[in-house]
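Here the structure comes first, spelled out in structure tokens, and everything after it is commentary.
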Amino acid sequence: MAEAPGRLIRLHAALLGLALAALAPGTAGAAPERPPVDRPALAAALCGPPAVQGQAAEALIRAAADAETADLAWAGNILRVLTERRLACTDTGAVILDRPGAAEGADAATGASRPAAGGRVPVLGLRQRAQVETALGVVALLSARDPEARGAGLAAIERRAAGVPEAVLARAETAEADPGLKRAIMQVMQAAALSSPDPARRIGAIRAVAEAPSGAALSRLRALEADPAYGADPAFRAALDSGISRVGRAIAVGDGLAVLYNALSFASILFMAAAGLAIIFGLMGVINLAQGEFIMIGAYATYGVQELFRRLAPGAIDLYLIAAIPVAFLAAALVGIAVEALILRHLYRRPLMSLLATWAVSLFLVNGVRVALGTQNLQFRMPPYVSGGLPLYADFIVTWNRLFAIGFAAGTLALTLLILRATPLGLDIRAVTQNRDMAGCLGIRTRRVDRLAFGFGSGLAGLAGVALCPIYSVNPGMGATFIVDSFMVVVLGGVGTVLGTLVAAIGIGGANVAIEPLYGAVAAKVIVLVGIILFIQRRPEGLFPARRRR
Amino acid sequence: MSGNAETFPVPRRRDGAARLGARIARDPLVAILSAAILGIALCLVLVRPSPYLVNAAGQLAAFAILAVSLDLVWGYLGILSLGHGLFFAVGGYVCAMHLVAHAYAVTGIPPDFVQFMGWKTLPWYWAGLTNAPYALVLALGLAVLVAFVFGLASFRSRVNGVYFSIISQALVYVAMLLMFRNDTGLGGNNGMTGFSLLFGWPMGSPGVTLGLAVASLAALAAVLVGASLLVGSRTGRLMLACRDDETRLRTLGYGTTRLKLGIWCLSAAIAALAGILYVPQVGIINPRVLAPDLSIEIAVWVAIGGIGRLGGAVLGAVLVNALKFWLTAAMPEAWPFILSGLVLLVVLALPNGLLDLAALRLKPTWLRGGTR
Amino acid sequence: MSGGLAIDALSVVFGRFRALDDLSLAVDAGEVRAVIGPNGAGKTTLLDVISGITRPKSGRVMLGDLDLTQCAEAEIAKAGVRRKFQKPSVFPMLSVRENLEIGCGADLPAAARPARVTALLGDVGLSARADVTAGRLSHGEKQWLEIGMVLASEPRVILLDEPVAGLSDAETARTAALIQALRRPDRAILVIEHDMAFVEAVADRVTVLHDGRTLYEGGMAGARADARVIEVFLGR
């Protein structure tokens, strides 16, 4: 122990250096001058007694905000070496070993190869380990290249956020490129500031938290109501109260937006399922009970396209959802045309029988798929454009999968209107819908129109199947989930009108989604059904009635 | 046109019994079937076949009653209900409630779902259900009430055809969702089962099984004859008129809403009766009887047998369900395909159901003249 | 006038299309009135409003003190208004006799029905076909059966929508005679028809409808001479 006094002197010098570095004011300018870390002193301090080790870690944390990245990387390395018990402390300085117990290693400060014989390998105490881990976290957050490592660093800091200088987090936040991580750093900063001993800083933090409202922010602020300062400091209390009410309002607005968004996406699916149904019903008076199964066919076609990409073009697999659009449409349309040609053609004057016939078709399709492909849910790969989302306001996140469905429905609407209004087929469909006999007299081949329209209506259901894949589970029985709601859309909207179908889909989808959180899913269905029955008391032909002549 | 205001002497009237016989004879199929049904009931009592067979006969009879109830509104009034399972379920549930309440009163063991929900006792609406006549009145009354409210709302606003069908389907679907909830006090998802006593006798004993089957067969014969008298009466002719041209009938001064509502409620009551008879024979009721598919299946029985022929409805229900009993045990995978094939065959090739097939072979005139 | 039908400022609108435009018309008791006009003039719509099938946007149809636009079809029928449709509307699954029985209405006591039906069968010339299913009748027989059903309840107002459409000359003559026989002092008869010879044979006065309005009202001879009527019928 003869040399103990000398080492202590050097240690203090090192600490002083670090402290000075920490205290040095951050110089303004494009390239702030970073004071160098005294590497030998830090290495020596880490070889010191537990209290000194801890102080060194703390000093590093304080200094980190202004340290050079190279220094940070170096410090990070030596701290890791210390935790892994590869730091040997010899009389001439610390040596980093390749593996615990090796005979020689690299000098901690210079990197020169040195024997480590007789060196003591310090063991971290529980308290010091926590301090070192925080320091490691800081270093990782500031200097790691990999965002995952930076994220892990942030997680390590979060537990002891109060001990980390704001400047460290501020520097990390400024430099951070990953938006998610940037937001997370921000939240840790706020959390740290909220429990800061400085009242002004706390009030500032409350304001900052209220600026970015979310459910988490609200619970963080609510937790402060139990803080002694809430009772003691009127300014703190006022700031907190206004913060909470502000966040509460914002959350209510955000939740409202989320309900609207969900309603719109559900309505989109309903619209796609019901549009074909309404066209077919308007044209031929046939309610197609197999429409849900055409949706299922569209979804299974999408799965088939995905598997095809997996085999043939694994590199472009994320495009499968786009490529599936025409495939699903055609698959459902072809099955629809086959059903029309083989069965429904014979039943146009007997609508109730066609109802039973389409039920038989649906039974056949469900069980056919069940036997051929099994009952399990299909697994879909989620391309980036349908996974994740954009947090827009408070807790309201614009999820891409639902946006996909909404956009898809808008595209379907445009396509349907285009086909009905601007193509010869559309003109024929409208003519036959309004007066079949007259259209027949004018030379329109009504049977051919029926077949094509049935194919088109079935194809629309197939498209709904594509849009469903990223949101709902896909299995042989999936069609039944939507079919009753789509019928209600047709009843409410009236037959043969795309506009009526759209309005009714938004109405029913909206009512379902809006009522569900309040009274539950079952009550939502009951209320919607009762609403429809009451509605048809006044308008038995739906929102947009078609005129008939006796 | 001056003569028709004067009153002519009323023509001679045949006496009551002869008229009744003549009316039944108008549809020999009904007469034959009712006789056969009663004959089968008698056979069951005398021959005492295996309880499985007795039970199957009883269940088939309950299904046939259900089919007749639907044929009454679909075949004769043109109203296709895809929600008749609701009325069947009302009857079935109330009957199950009676059986559960009765067993609870006798044994003192609370039913499973009461224990499951952690309740102390049965909910208030179970009061009095130990009393069988009250349960019967409640079952029929409730079915008629539901039918009345729904029918009034629909017929008053002239909802008919396919529209009515799909709204009635939504009705049964919503009812199913409702019954799947555990807090309804009706067994929720699992429904009610494990009935131990019927009027104090142990459930499942050969005597009770036979009694239930004979009661079902007798009820079927009564319903068949009653319905046949109804459709042969002046009201029956108005029903056909309403089915074929409702506006014409209205403009002749008939309030068709009342006519439709009356028959609709009667049909609901008959369906509820079928449910009452069905539940003690299968020993369970759960929300799956409210599945829309089951309600469509009832229409399928009627279509397969022949719409607008009461005998056809009975034959269809018996045939399809017997086939189902056999095939779901023998080759369960194949049954849905066979059923859908059967439906398509009937719908495409035999518009009057399997009675067409019989007519092809035998060509008796009384099998002709079925409708749609 | 007490048994007559007074139509007052009637307007019916389908979307943007005005089927009847502020139409007023009085049919007196004891009169046979023909309404003629080109296709789309609103003739059938007029009958639809009177018989309660279509609700007008505005205006009234008075039968005595009763405003028919406020009544359901069955109430209108019970008030004594009966209509024959353009397409013969009989109940195809019922026999001729049963059709006529239903035509008697719900209010006639059951005991009185057979006698009236027998009389009606004679009036419309279907006695020999009484037990035939109505669906198997010829087109002309269906027209007469429907007229019989309309007559069965002794109506105060009879509305006939193209009663001779699709009939042979002999059948048309027979129908004209039948309608002449329906004439009674307490009964108003409104006939829609395209066959001008038939109209001239049965009608006291004609009303010419065009675009939902009255173009001419008066005797048939006057209608033939009226320049606007000629233009509407021949000019297009």
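Quickly run through the stretch C:160-186 and pick out the residues that are under 19 Å from residue C:49 (Cα atoms) and assigned to a loop (DSSP other than H, G, I, E, B). Reasoning before the result, please.
Of the stretch C:160-186, the ones under 19 Å from residue C:49 (Cα atoms) are C:160-163.
Scanning the stretch C:160-186 gives C:162, C:163.
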Quiz item: When you go through (1) under 30 Å from residue A:183 (Cα atoms); (2) surrounded by fewer than 20 Cβ atoms within 10 Å (Cβ to Cβ); (3) touching a Pro at 6+ places or on another chain (Cβ under 9 Å) one by one for residue A:388, which number turns out not to apply?
Solution: (3)
Practice problem: Out of the residues in the stretch C:202-220 that are within 22 Å of residue C:175 (Cα to Cα) and modelled with pLDDT under 85, state the one that is surrounded by the fewest Cβ atoms within 10 Å (Cβ to Cβ). | Solution: C:219
Quiz item: Among the residues of the stretch B:217-232, is any farther than 24 Å from residue B:296 by Cβ, touching a Ser or Thr at 6+ places or on another chain (Cβ under 6 Å), part of a helix (DSSP H, G or I) and away from chain A (no Cβ under 14 Å)?
Solution: yes
Self-check item: Counted residues, the stretch B:47-88 - those being of a type outside the set (Ser, Thr, Tyr) and closer than 24 Å to residue B:245 by Cβ
Solution: 11
Practice problem: Test each condition in (1) in contact (Cβ under 8 Å) with a residue 24 or more places away in the chain; (2) under 21 Å from residue C:6 (Cβ atoms) for residue C:216 and report the one that comes out false. | Solution: (1)
Quiz item: If you take the residues in the stretch A:311-324 that are out of contact with any Phe, Trp or Tyr (no Cβ under 8 Å at 6 or more places or on another chain) and exposed (fewer than 14 other Cβ atoms within 10 Å of the Cβ), which one is farthest from residue A:480 (Cα to Cα)?
Solution: A:315
Exercise. Scan the stretch B:121-146 for residues that are assigned to a helix (DSSP H, G or I) and touching a residue at least 12 places away in the same chain (Cβ under 8 Å) and jot them down.
Key: B:125, B:126, B:132, B:135, B:136, B:138, B:139, B:140, B:142, B:143, B:144, B:146
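Considering the stretch B:265-288 alone, what residues qualify as being surrounded by fewer than 24 Cβ atoms within 10 Å (Cβ to Cβ) and either assigned to a helix (DSSP H, G or I) or among the aliphatic types (A, V, I, L, M) (or both)? Even if it seems obvious, please write down each step before you answer.
Of the residues in the stretch B:265-288, the ones surrounded by fewer than 24 Cβ atoms within 10 Å (Cβ to Cβ) are B:265-266, B:269, B:281-284, B:286-288.
If the condition is that a residue be surrounded by fewer than 24 Cβ atoms within 10 Å (Cβ to Cβ) and either assigned to a helix (DSSP H, G or I) or among the aliphatic types (A, V, I, L, M) (or both), then B:265, B:266, B:269, B:281, B:282, B:284, B:287, B:288 are the ones that fit.
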Exercise. Could you figure out which of (1) surrounded by fewer than 17 Cβ atoms within 10 Å (Cβ to Cβ); (2) within 14 Å of another protein chain (Cβ to nearest Cβ); (3) of a type in the set (Ser, Thr, Tyr) isn't true of residue C:138?
Key: (2)
Quiz item: How many of the residues making up the stretch A:515-524 are at the interface with another protein chain (Cβ under 10 Å from one of its Cβ atoms) and under 13 Å from residue A:266 (Cβ atoms)?
Solution: 2
Quiz item: What are the residue pairs meeting all of these: first residue in the stretch B:238-250, first residue more than 7 Å from chain C (Cβ to nearest Cβ), second residue of a type outside the set (Val, Ile, Thr) and not in a helix (DSSP H, G or I), Cβ atoms under 6 Å, and 6 or more apart or on different chains?
Solution: B:243/B:78
Practice problem: Kindly provide the set of residues from the stretch B:134-156 that are surrounded by fewer than 21 Cβ atoms within 10 Å (Cβ to Cβ), more than 14 Å from chain A (Cβ to nearest Cβ) and in contact with a Phe, Trp or Tyr (Cβ under 8 Å, 6 or more places away or on another chain), ordered by number. | Solution: none
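Test residue C:69 against the stated conditions and say whether it is away from chain B (no Cβ under 14 Å), polar (S, T, N, Q), on the phi < 0 side of the Ramachandran plot and within 14 Å of the chain's Cα centre (by Cα). Before you say what the answer is, go through the steps one by one.
Numbers: away from chain B (no Cβ under 14 Å): yes; polar (S, T, N, Q): yes; on the phi < 0 side of the Ramachandran plot: yes; within 14 Å of the chain's Cα centre (by Cα): no.
Judged against the criteria, residue C:69 is not a match.
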Quiz item: Which condition number does residue B:186 fail, the rest of (1) free of Cβ contacts under 8 Å to residues at least 40 places away in the same chain; (2) more than 10 Å from chain A (Cβ to nearest Cβ) being met?
Solution: (1)
Quiz prompt | the stretch A:157-172, residues that are part of a helix (DSSP H, G or I) and surrounded by 18 or more Cβ atoms within 10 Å (Cβ to Cβ) | solution = A:157, A:161, A:168, A:169, A:171, A:172
Quiz item: Of the conditions (1) more than 10 Å from every other protein chain (Cβ to nearest Cβ); (2) surrounded by 17 or more Cβ atoms within 10 Å (Cβ to Cβ); (3) touching a helix residue (DSSP H, G or I) at 6+ places or on another chain (Cβ under 7 Å); (4) within 18 Å of residue A:463 (Cα to Cα), residue A:365 fails just one. Which one is it?
Solution: (1)
Self-check item: Tally of residues being part of a helix (DSSP H, G or I) and within 14 Å of another protein chain (Cβ to nearest Cβ) across the stretch A:447-498
Solution: 15
Quiz prompt | From B:229, B:252, residue being in contact with a Lys or Arg (Cβ under 9 Å, 6 or more places away or on another chain), among the hydrophobic types (A, V, I, L, M, F, W, C) and surrounded by fewer than 20 Cβ atoms within 10 Å (Cβ to Cβ) | solution = B:229
Practice problem: Mind listing whichever residues of the stretch B:289-306 are more than 11 Å from chain A (Cβ to nearest Cβ) and outside any helix (DSSP H, G or I)? | Solution: B:306
Quiz item: All but one of (1) of a type in the set (A, V, I, L, M, F, W, C); (2) at pLDDT below 90; (3) assigned to a helix (DSSP H, G or I) hold for residue B:252; which doesn't?
Solution: (3)
Quiz item: Does the stretch B:257-278 contain at least one residue that is more than 20 Å from the chain's Cα centre (by Cα), within 30 Å of residue C:80 (Cα to Cα) and within 14 Å of another protein chain (Cβ to nearest Cβ)?
Solution: yes
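The rows are residues; the columns are (1) aliphatic (A, V, I, L, M); (2) not in a helix (DSSP H, G or I).
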| position | (1), (2) |
| --- | --- |
| B:94 | yes, no |
| B:100 | yes, no |
| B:116 | no, no |
| B:119 | no, yes |
Exercise. For the stretch B:323-350, name all the residues that are at the interface with chain A (Cβ under 10 Å from one of its Cβ atoms) and not in a helix (DSSP H, G or I).
Key: B:333, B:334
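The values are calculated or read from the model by the stated rules, or taken from the named source; none is laboratory data. Fair warning: this is a prediction, and the values are worked out from it, not measured in the lab. Using ideal geometry, Cβ is built from the backbone for each residue, glycine included, and neighbour counts are taken over all protein chains shown.
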